[in-house]
Ligand SMILES: [Zn+2]
């Protein structure tokens, strides 16, 4: 059996797998140090994001955790590097450019390999609306089967799927750096990135 990929490990941690399939993987995890460590990492990471009695972790601690996450782990097989193509917080919109872009929303375009993620964040700092669309760089193919997980440290994960236009939406998103995990199930790959509230997106 080859190593268990990150998407499967996340399914295991979140117990989204039939008992029968789980056992095979559990046996591998118990025997394979590499996968065991991956599982421990995801278990710690994801369980730390669940419902908790924490109100807000101190900002410096959150920053430390977020900064630690992409750097201390090697990139996972099947994970791709993210980079920011555009961030309206850093590049004010040209007057003639994106019309309808208002000052009270932030727009980002994040590229993960050949996937562009268009994001608009609006609303109150503690109750944000995050709308987005997934588009492939060189293809008109619509991404209507992606699952998107949004994690804010110390808060319950929010899950959604893209609609037939590749669009998704999260409402009532609390403050804090937002960690996105996009599972392109039809392609068997995962894209991930984080967005800080103030300055820039963190590349993973
Ligand atoms: Zn393994």
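Scanning region 147-158 finds no residues that are at pLDDT 85 or above and farther than 25 Å from residue 13 by Cβ. Taking the stated definitions as given, is residue 103 modelled with pLDDT under 60, part of a loop (DSSP other than H, G, I, E, B), away from the ligand (no atom under 16 Å from the Cβ) and assigned by TED's automatic domain parsing to the domain that holds residue 177? Judged against the criteria, residue 103 is a match.
Hey, any hits in region 167-177 for a residue that's free of Cβ contacts under 8 Å to residues at least 40 places away in the same chain and surrounded by fewer than 20 Cβ atoms within 10 Å (Cβ to Cβ)? There is at least one residue in region 167-177 that is free of Cβ contacts under 8 Å to residues at least 40 places away in the same chain and surrounded by fewer than 20 Cβ atoms within 10 Å (Cβ to Cβ). Is it the case, given these coordinates, that residue 45 is at pLDDT 65 or above and either touching a strand residue (DSSP E or B) at 6+ places or on another chain (Cβ under 8 Å) or surrounded by 12 or more Cβ atoms within 10 Å (Cβ to Cβ) (or both)? So residue 45 fits the description; yes.
Between 110, 62, the distinction of being out of contact with any helix residue (DSSP H, G or I) (no Cβ under 7 Å at 6 or more places or on another chain), away from the ligand (no atom under 16 Å from the Cβ) and either modelled with pLDDT of 70 or more or assigned to a strand (DSSP E or B) (or both) belongs to 110 only. With 20, 2 as the choices, which residue is within 16 Å of the ligand (Cβ to nearest atom), under 21 Å from residue 185 (Cβ atoms) and loosely packed, with under 12 Cβ neighbours inside 10 Å? Matching residue, one of 20, 2: 2.
The values are calculated or read from the model by the stated rules, or taken from the named source; none is laboratory data. This one's a predicted model, so the numbers in the text were calculated from it and none came from an experiment. In this analysis, Cβ positions are derived from the backbone assuming ideal geometry, glycine residues included, and neighbour counts consider all displayed protein chains.
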